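The values are calculated or read from the model by the stated rules, or taken from the named source; none is laboratory data. Keep in mind the model is a prediction, meaning the values are calculated, not measured. Here the Cβ positions follow ideal geometry from the backbone for every residue, glycine too, while neighbour counts run over all protein chains shown. SASA here: full protein model, heavy atoms, side chains in, ligands and nucleic acids out. Shrake-Rupley method; radii C 1.70, N 1.55, O 1.52, S 1.80 Å.
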Amino acid sequence: MTMPEIAPVDTWLAVTREDGETVGYLEPVTDDYADVIPRNRLGHAVGDVHDYHAAEELVLDRGLRELAEHWLLDGEGAELTVIELSPAGIVLRDAFLSKALAPTKRVDVPWPDTAGRLRRVRPDQAM
């Protein structure tokens, strides 16, 4: 299935848990939001077009756990970890140096990362 053109971010609806924490977004495909694309906090699509309720459940089930995982910028380089996430941008640092509390260079990626510059490191490809 071909994904539709990305709707403006200000039309995305935040999906929140019971405690008020935003866990993702629903990007409208139709004007009435009957069909939406589920997105995680980074702005990555996490599925194809779904009806509103199915997409909301998908985002709620995913939660925030993937933010604790390691990421590659443009598919290469050092493994990174997310240290800040807001509409102002995504801030990452070297995952292993940060864990050791060693100084490390800050990496900034615009939010939302709809270009898919950040790719999750799978356990089978860990460095």
Exercise. How many nm separate the modelled label positions at HIS53 and VAL121, each set 7 Å beyond the Cα in the direction of the Cβ?
Worked result: 4.1 nm
Problem set entry | Calculated diffusion of the stretch 1-50, Stokes-Einstein form, Kirkwood radius summed over Cα pairs, 4 °C and 1.567 mPa s, µm²/s | 117 µm²/s
Exercise. Which whole-Hz couplings ³J(HN,Hα) result when phi for each residue of the stretch 84-97 is put into the Karplus expression 6.51 cos²θ - 1.76 cosθ + 1.60, θ = phi - 60°, listed in order with x for Gly and Pro?
Worked result: 8, 8, 7, x, 6, x, 10, 10, 10, 9, 3, 4, 7, 5
For this session: Could you tell me the convex hull volume per residue, in Å³, taken over the Cα atoms of the chain?
Result: 126 Å³
Exercise. Under a plain spin-label model, where a point goes 7 Å from the Cα along Cα-to-Cβ, how far apart in nm are SER98 and GLU21?
Worked result: 1.6 nm
For this session: Just name one of ALA55, GLY116, TYR25: the one whose Cα is farthest towards the positive end of the charge dipole of the chain (beta-carbon charges, Lys/Arg +1, Asp/Glu -1).
Result: GLY116
For this session: Using a 1.4 Å probe over the heavy atoms of the protein chains, calculate the carbon and sulfur portion of the accessible area of the chain as a whole percent.
Result: 51 percent
For this session: Might you report the magnitude of the Cβ-based charge dipole of the stretch 34-76 about its Cα centre, with Lys and Arg at +1 and Asp and Glu at -1, to the nearest 20 debye?
Result: 180 debye
Seminar exercise, completed: Distance in nm between ARG65 and ALA88 label points, each 7 Å along Cα→Cβ, equals 3.1 nm
Problem set entry | GNM top mover of VAL36, VAL107, VAL15 - the chain, alpha-carbon springs below 10 Å | VAL107
Exercise. Could you give the angle, 0 to 90 degrees to the nearest 10, between helix 52-62's Cα long axis and the longest principal axis of the Cα atoms of the chain?
Worked result: 20 degrees
Seminar exercise, completed: Expressed per residue, the solvent accessible area of the stretch 1-106 in Å² (1.4 Å probe) is about 57 Å²
Seminar exercise, completed: Relative contact order in percent for the stretch 30-127 (Cα pairs under 8 Å, 6+ apart) equals 24 percent
Exercise. Could you give the dipole magnitude of the chain about its Cα centre, charging the beta-carbon of Lys and Arg +1 and that of Asp and Glu -1, in debye to the nearest 20?
Worked result: 800 debye
